[in-house]
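In what follows, a structure is listed as structure tokens, so that the remarks can point back to it.
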Ligand code: MTE
Ligand code: MO
């Protein structure tokens, strides 16, 4: 593994691990703009950043359970209709540090910023698969139980020096409405090296781990990908399971993200003067479910006020509205009056009426994934 050729990075990023490079922006960066700037977007890697320098020869090998394998070049991808999908990407380990505080967990520590919202430009995977003779999913077609596996160029130690990989069901991959992309742009610019240049997968509504960067090959397979990150990681276990009694085969790989929110306008602990305080942050859910409501409490969760939500500045957000971006976060905001030191809490409700769980202890799991417990910040009021 060689970390001498890593790309330059923004000095404001908080580095959680250096090699492989894992870093997140300060909380405040997430609420400064609806679309997260590329250089401030969290970076989550399992090995050195690969270098692709011959873009003319770069191609994705498509094979497996298909009649004719295909070499997909960048010009082939660019010939397909281009879609711009605004989608929030969130690492399953977002907010892991807080989970670690109740009982130790294994994994890179993250505050609340292992999440970002970007406009991804590229071809739909459903169009790519149609090129090789796999029909799009419609009410009359059946994609069966097959899976589509994405294999990367990068090498990581969890795969014993092999490439990072993951899979999604063929039914999702061939469904144009699922908006799974082979993306070559992020926020209107060519993807940069950190985020998967020249081509990455974006699986909206699903934990970040399935959005494979630096795509090298696509395989149509009969069963789920057997790679480490599908079978020995990114699975949700109950609090009773620990390293001495874990049986990985009893659980499915985590796919959809549950409802999440966090306050980003305040650090924990934040010193303030008594009076009006703006509480703002993000809320997002998986599977294309919108955000129905965000509640904020200034008394540790006894009483609540509803925050206002938006996706586009000045336009109130309504879940399932035709103009809303179903894969993208909403930002919320409410101004509250804080007379004395207290705990400010946020919790979101999604369009299926799922609510964030109150206590982190109840969802504690040994890998520290999916900490979606109520987000709390302490404010210390001085005069
Ligand atoms: N793809 C490859 N090839 N290698 C990786 O290490 N990390 C995954 C995913 N895709 C990873 C990958 C994880 S766990 C997450 S959360 C996202 O990429 C992070 O994407 P980002 O670095 O663009 O924010
Ligand atoms: Mo992740």
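One table, with the values for the structure above:
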{"quantity": "Percent of beta bridges antiparallel (DSSP, the range 260-381, rounded to nearest 5)", "calculated": "90"}
{"quantity": "Euclidean distance between Cα centres, the range 83-151 to the range 194-223, Å", "calculated": "7"}
{"quantity": "Sequence-separation-based contact order of the range 1-141, relative, with Cα cut under 8 Å and 6+ spacing, percent", "calculated": "24"}
{"quantity": "Mean separation of Cα contacts under 8 Å, 6 or more apart, over the residue count of the chain: relative contact order %", "calculated": "17"}
{"quantity": "Kirkwood-based shape ratio for the chain, expressed as Rg/Rh from alpha carbons", "calculated": "0.97"}
{"quantity": "Cα centroid separation, the range 275-306 to the range 11-61 (Å)", "calculated": "28"}
{"quantity": "Coarse-grained scattering of the range 54-135 at q = 0.12, 0.16, 0.23 Å⁻¹, given as base-10 log I(q)/I(0) from a Debye sum over alpha-carbon atoms", "calculated": "-0.61, -0.78, -1.03"}
{"quantity": "Peptides 56-63, 194-201 ordered by average Cβ neighbours within 10 Å, highest first", "calculated": "194-201, 56-63"}
{"quantity": "Cβ crowding within 10 Å averaged over residues, with 130-136, 309-315, 342-348 ranked highest first", "calculated": "342-348, 130-136, 309-315"}
{"quantity": "Residue exposure sequence - 264, 12 - by fewest surrounding Cβ within 10 Å", "calculated": "12, 264"}
{"quantity": "Structure-based [θ]222 nm, the chain - -39500 (n - 2.57) summed over DSSP H runs of at least 4, per residue, nearest 500", "calculated": "-1500 deg cm²/dmol"}
{"quantity": "Taking 95, 106 and counting other C-beta atoms within 10 Å, the order from fewest to most", "calculated": "106, 95"}
{"quantity": "Relative contact order for the range 256-383, counting Cα pairs under 8 Å that sit 6 or more residues apart, in percent", "calculated": "36"}
{"quantity": "Packing-based exposure ordering (other Cβ within 10 Å, fewest first) of 79, 236", "calculated": "79, 236"}
{"quantity": "Cut-off 16 Å, label 7 Å out along Cα→Cβ of residue 232, residues of the range 149-183 by amide N", "calculated": "155-166"}
{"quantity": "Segments 355-361, 268-274 sorted - mean Cβ within 10 Å per residue, highest first", "calculated": "355-361, 268-274"}
{"quantity": "Longest to shortest principal axis, alpha-carbon extents of the range 102-233, angstrom", "calculated": "49, 35, 30"}
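Coordinate-derived values only; no laboratory data. Keep in mind the model is a prediction, meaning the values are calculated, not measured. Cβ atoms come from the backbone with ideal geometry, glycine included; neighbour counts cover every protein chain shown.
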